[in-house]
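Novice: Below: one structure in structure tokens.
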Amino acid sequence: MNSIRKVNEINQRELAQNLSYTQSWHYDYRDTNYIYIGNIPINSMKSIDIITIFSQYGIPSHIHFFDDKPTSGGNGFAFLKYENFKSCVLAIDNLNGIEVLEGKRLRVDHTYYKLRGSEHEDDYLIDYKNKQQSESKQLRSIEAKVDDELRDPMEDFNNINTNTTTSSTIEDPEDEFKDPMEQFLKNKSTTNKVSKSHHHRHKHNHRKHSESRK
């Protein structure tokens, strides 16, 4: 916490004095694009989380995250490299002391990172292609879940009704505007015609029988 407070105090003092870029303490580290990130809660944060947070102020190109050997309190640390030095300054000024998961406050500072033994800088190159694929897969999963939760509960019911609709109704969408008594009156008219025709034939036959008796 003392290191976090010290960096913030220096930044506040320079801001109050309105110092130029060349007079700032940041200027002494202009020959390195690496920053140190400490107090990382390794139980709940991974390198992709660090990259996402620090991408707010530039493009991280490399990261070496030491999370394989938990220290006291479960804190990890990382060395992150930006594509340009300006991003280092912005990240330190804005992210030093921010609270993340588990109530931890990140320590962010300039550093000179030195490779050890047979290490190569490209060993810690950030693979954005795989990162984007992973994020896209997670995003699709989240979107599918949200779509399912927001889906109209009547949708399935409407689909069943649509599938069971007769072809005549589908072919003539104006049916729903027809007078419901129209078909009844047509049927009644047809019935009356049949009845009258039957009555006429019956009357005609009766007349023929009567004449034959004479």
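Readers should treat all values here as calculations from the given coordinates under stated rules, not as data from a laboratory. Note that the coordinates shown come from a computational prediction; the quantities given were computed from them, not determined experimentally. Note that we place each Cβ from the backbone using ideal geometry, even for glycine, and neighbour counts take in every protein chain shown.
Novice: Given H placed 1.01 Å from N in the peptide plane, which residues other than close sequence neighbours of H62 have an amide H under 5 Å from its amide H?
Specialist: Those qualifying (amide H under 5 Å, at least 5 residues apart or on another chain) are K81, I126.
Novice: Next up: Based on the Cβ-Cβ distance of L115 and I59, what FRET efficiency does E = 1/(1 + (r/R0)^6) give at R0 = 30 Å, to the nearest 0.05?
Specialist: 0.90
Novice: Would you please give the residues with an amide H less than 5 Å from that of N39, counting only those at least 5 places away or on a separate chain, with H modeled from the backbone geometry?
Specialist: For N39, whose amide H was placed from the backbone, the distant partners under 5 Å are G76, R107.
Novice: Once amide H atoms are built 1.01 Å from N in the peptide plane, which residues 5 or more positions from H110, or in another chain, come under 5 Å H to H?
Specialist: Distant-sequence amide H within range of H110: Y36.
Novice: Measuring from a point 7 Å past the Cα of S44 along Cα-to-C-beta, which residues in segment 93-122 have an amide N at less than 13 Å?
Specialist: 99-106
Novice: Arrange D31, D123 by Cβ neighbour counts within 10 Å, fewest through most, would you?
Specialist: D31, D123
Novice: Per 5 Å bin, what percent of the C-alpha pairs of segment 2-126 does each bin hold, from zero upward?
Specialist: With a bin width of 5 Å, the distribution comes to 2, 11, 21, 24, 20, 13, 7, 3, 1, 0.
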